[in-house]
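Inspection log for the structure reproduced underneath, given as structure tokens.
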Amino acid sequence: MLNNYNSMAQPLWQNGPTPGAFYNFTGGQQQTQKLPKELTAAGPFGTKRSTSSITTGSSVLGIRYDGGVMIAADTLVSYGSLARYQNILRVFPINNNIILGGGGDFADIQSIKRTIDQKMIEDQCYADGITMKPKALSSWLTRVLYNRRSRMNPLYIDVVVGGIEQDGTPYLANVDLRGRAYEDYVVATGFARHLALPLVRERKPKDREFTAEEASELIRKCMEVLYYRDTRNMAQYTVGVCNASGTTIDGPCKVSENWTFAATIKGY
Amino acid sequence: MFRNQYDSDVTVWSPQGRLHQVEYAMEAVKLGTATVGLKNRDFAVLVALSKPSSELSASQRKIIPIDDHLGISIAGITADARVISRYLRSECLSYKHSYGSTYPVSRLITNLGNKMQTTTQRYDRRPYGVGLLVGGYDEKGPHIYQVTPSATFYNCKANSIGSRSQSARTYLERNLDTFLNCSNDEIICHGISAIHGSLPTDEMQSRNESASQLNITIAIVGKNQPFKILSEKETQIYLTMASEKGAPPANQPYDDDESTSQAGPSTSGPRDPIVAVATEE
Amino acid sequence: MSTIGTGYDLSASQFSPDGRVFQIDYASKAVEKSGTVIGIRGKDCVILAVEKIITSKLYEPDAAGRIFIVEKNIGMAVAGLVADGNYVADIARQEAANYRQQFEQVIPLKHLCDRVSAYVHAYTLYSAVRPFGLSIILASWDENDGPQLYKIEPSGSYFGYFACASGKAKQQAKTEMEKSRFVDLNTEELVKKAGEIIYRVHDELKDKEFRFEMGIVGSETQGIYQINPAVLTELARKAGENANKEDDSGDEAN
């Protein structure tokens, strides 16, 4: 019981004398690394693990601009094709220099978010003024997600991490359920990767970064396109902004809907 | 040294609220040769004195690199230091693997302290018989940490541990205010000057009181400077530079803080043996 | 303590003939040698303050701190061995994290205190370990429960307090505390009181230099535990120094 709630402390009498046995000297205390249990033994539901997501968030779009990053996602969490939860925030402030947008299985998003939040509290506890940076967080996510996929038990998520680095430069990256990761001035998950990414790329000036206004306008435009073209999208979204003055979540914003053209569409 | 009944195990408190086994382990630090750690605005420097155990052997390694941003200098039981350095290295490595960045020095040392604490509280362990000076650099700048066998650690402006280190500490205290704005060359020379007073007296005479002959190791870490142990050639340059910069306070008799000969207060009841250090509170 | 030295005081798992566990008493002795720590509970905040005795000029001001943050709104201060303190702080953080993971809310201070004290107590039961040389003061504030203050002894017993003290000048601090009614004091008044008490009980003859350190949580810190917040700490130090001056001039007048 004593050692159940203390992962640091070693059990009492470890390496101590055991009647009828030899001492275990230091070095014996590191047990040979065993394969994780879930790989060697069947769980209560057999050996098959989740291979699909249940309640899902759709696209997330992140744009890096000259003074920070913006990450946008609509507020819908679907259950299959059912628009089940329509007012769920999927862009989160993590600390003063990180925002995170999550797509994919929402339970998995919530789970990883809890773990990250605990890390932020640890940062506070140390009271040394050192905080997590977006690059470090996305690196950590990559390790966790790749590890999970290697155990054939992936977290079904596709996240966008953005924020400001120690030296003040904006950072934006995407990590997916296999631990694939890349950084760019625009990253997107879900349908936005097909619909929004090209729209942003074709407007990128070659010689400079976007400005905040341009990024903001592109987000608005892309969320509109996504709403019209992606059936798992909703007309309401939030935008997380991270710049030198901190992190904020703006919205919920409405997509300006106009269905007058619907009557003119024929042939489907 | 005389015994009493409360000094047999780390698990025994003395009636005065002291842990003698821990205090004895602190004494082990003083058996090692001296080492000095100090820092300026952007760099941390470790200087260690090494002495071959015999004419035919090479000297023990005193400075152990841990990671690009961190290294330790040791005084005490070298074998214990290897266990600690292996721990520190694997912590730094796994941190780098997870976060792609360097382990903040203060956090690493806090965790090391907690690891070391367990050895001061269990019957089946003994405290590590080694003191560390940690020199590191992270986003908060350069750091010098002192870690003792009692598992206490101190964030230092500068410090020195090991045999006859008191005169080095006196030197450091005297020049403490100038360190922050020193150049790298100057801070290394200060390190050499500080450690010079820790030389055994006979050695000093045989070396003809010349700092340029010292058998020392120097390491530096800081802004855009990964942890580096200076080569023999570089060390020689600094030794010459230090001796040119003026005679180090070598001949002054060191204040012998380690003398254990003071008469203990005679109180009734069981008495603790008098050792120089008290268990730190 | 007539049975000291008769062999019944060498193990935490052994009673003396008159019913004491001497190892626990001895551990308390380590606490009594430590710099003073106080905890005081005001109207809408709670303060932990420490007389950190400076043993060397070579240390940075923040070296070997004795106040820790355990959760967003929970702080801890210790008197006794600093190494033990660091270790127990880590245990407390794990407890808080554990609770948060299970219930998605901050651990109630009484619950945390219960767990930490059980941990401390476990170290008084076996000959294979020694008791912690620590007196642990835990403090928290939240919207519902207001300020809270508990102290755990090396034996593992704990009590809730309006104000409490441990360490060298425990008695003097208690005497100082009994003069005030802390529950009526607002944040600023309480901060000043903390400074006054620590500065007054500091014994200049025995320990020359010390550093006043404090931790505070309350409505004014938005329920976030803060260690040495610049403005408030300065206020406390000023109040402390003034109190010492007044005492001195008062002595001369007499």
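The values are calculated or read from the model by the stated rules, or taken from the named source; none is laboratory data. Because the structure is predicted, anything quoted here is derived from the model rather than measured. Quick reminder, even Gly has a Cβ in these numbers, built from the backbone with ideal geometry, and neighbours come from all protein chains shown. Ligands, DNA and RNA are excluded from the accessible area calculation, which covers all protein heavy atoms including side chains. Shrake-Rupley method; radii C 1.70, N 1.55, O 1.52, S 1.80 Å.
Checked against the criterion of being over 24 Å from A:G246 (Cα atoms), surrounded by fewer than 18 Cβ atoms within 10 Å (Cβ to Cβ) and out of contact with any Pro (no Cβ under 8 Å at 6 or more places or on another chain), the candidates A:V200, A:V144 yield just one match: A:V144.
Note on segment B:114-142: residues that are more than 9 Å from every other protein chain (Cβ to nearest Cβ) and either closer than 23 Å to C:L81 by Cβ or aromatic (F, W, Y) (or both) amount to 11.
Only residues that are of a type outside the set (S, T, Y) and either open to solvent by 30 Å² or more (accessible area, probe 1.4 Å) or assigned to a loop (DSSP other than H, G, I, E, B) (or both) were counted in segment B:95-120, giving 5. All conditions in (1) farther than 23 Å from A:Q166 by Cα; (2) within 14 Å of chain B (Cβ to nearest Cβ); (3) open to solvent by 40 Å² or more (accessible area, probe 1.4 Å) hold for A:K135, with the sole exception of (1). Among the residues of segment B:149-163, those identified as more than 22 Å from B:H190 (Cβ to Cβ) and open to solvent by less than 10 Å² (accessible area, probe 1.4 Å) are B:P149, B:A151, B:T152. Considering segment B:1-74, the qualifying strands (runs of 3 or more DSSP E), each wholly inside and each with 3 or more residues that are within 12 Å of the chain's Cα centre (by Cα), run over B:35-39, B:43-49.
Within segment B:148-185, being without any contact (Cβ under 8 Å) to a residue 40 or more places away in the chain and not in a loop (DSSP other than H, G, I, E, B) holds for B:Y154, B:R169, B:E173, B:R174, B:N175, B:L176, B:D177, B:T178. Annotation: of all residues in segment A:203-219 being assigned to a helix (DSSP H, G or I) and farther than 20 Å from A:A173 by Cα, the one that is least open to solvent (accessible area, probe 1.4 Å) is A:E217. Scanning segment B:75-84 for residues that are in a helix (DSSP H, G or I), open to solvent by 10 Å² or more (accessible area, probe 1.4 Å) and not β-branched (V, I, T) turns up B:A79, B:D80, B:R82. Among the residues making up segment C:59-107, those that are assigned to a strand (DSSP E or B) and either farther than 20 Å from C:V217 by Cα or not β-branched (V, I, T) (or both) are C:Y59, C:F68, C:E71, C:G75, C:M76, C:A77, C:A79, C:G80. Among the residues making up segment C:27-47, none is at pLDDT below 95, within 14 Å of chain B (Cβ to nearest Cβ) and either part of a strand (DSSP E or B) or more than 14 Å from C:G167 (Cα to Cα) (or both).
Whenever a residue of segment A:45-73 is modelled with pLDDT of 95 or more, its partners that are buried (at least 24 other Cβ atoms within 10 Å of the Cβ) and in a loop (DSSP other than H, G, I, E, B), lying with C-beta atoms within less than 6 angstrom and at least six residues away or across chains, give the pairs A:A73/A:R90. Taking the conditions (1) surrounded by fewer than 20 Cβ atoms within 10 Å (Cβ to Cβ); (2) among the charged types (D, E, K, R); (3) under 30 Å from A:K206 (Cα atoms) in turn, A:K113 satisfies each one other than (3).
Picking from residues in segment C:124-170 that are closer than 23 Å to C:T221 by Cα and hydroxyl-bearing (S, T, Y), the one that is farthest from the other protein chains (Cβ to nearest Cβ) is C:Y161.
A quick yes/no check of all residues on (1) of a type in the set (A, V, I, L, M, F, W, C); (2) open to solvent by 60 Å² or more (accessible area, probe 1.4 Å):
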residue	(1), (2)
C:T6	no, yes
C:S11	no, no
C:D18	no, yes
C:Y26	no, no
C:I38	yes, no
C:V50	yes, no
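Sort out which residues of segment A:201-229 are touching a strand residue (DSSP E or B) at 6+ places or on another chain (Cβ under 9 Å) and farther than 26 Å from A:N96 by Cβ, and write them in order of number. Matches in segment A:201-229: A:R201, A:R203, A:K204, A:C222, A:L226, A:Y227. Screening B:D68 on (1) open to solvent by 50 Å² or more (accessible area, probe 1.4 Å); (2) over 24 Å from B:C182 (Cβ atoms); (3) away from chain C (no Cβ under 14 Å) shows it passes everything except condition (2).
Across segment C:69-85, the qualifying residues are those that are open to solvent by less than 20 Å² (accessible area, probe 1.4 Å) and not aliphatic (A, V, I, L, M), and the one among them that is nearest to C:A27 (Cα to Cα) is C:G80. Only one entry in A:S111, A:S58, A:S150 is more than 10 Å from every other protein chain (Cβ to nearest Cβ) and more than 15 Å from the chain's Cα centre (by Cα), namely A:S150. Of all residue pairs spaced 6 or more apart or on separate chains, those with beta-carbon atoms under 8 Å, a first member in segment C:95-123 that is more than 8 Å from every other protein chain (Cβ to nearest Cβ) and a second member that is surrounded by fewer than 16 Cβ atoms within 10 Å (Cβ to Cβ) and assigned to a helix (DSSP H, G or I) are C:Y99/C:H111. Within segment B:147-186, the only residue that satisfies the criterion of being within 11 Å of chain C (Cβ to nearest Cβ), among the polar types (S, T, N, Q) and touching a Lys or Arg at 6+ places or on another chain (Cβ under 6 Å) is B:S160. Considering (1) buried (at least 23 other Cβ atoms within 10 Å of the Cβ); (2) over 21 Å from B:P15 (Cβ atoms); (3) touching a residue at least 24 places away in the same chain (Cβ under 8 Å), the lone condition that C:D44 does not fulfil carries the number (1).
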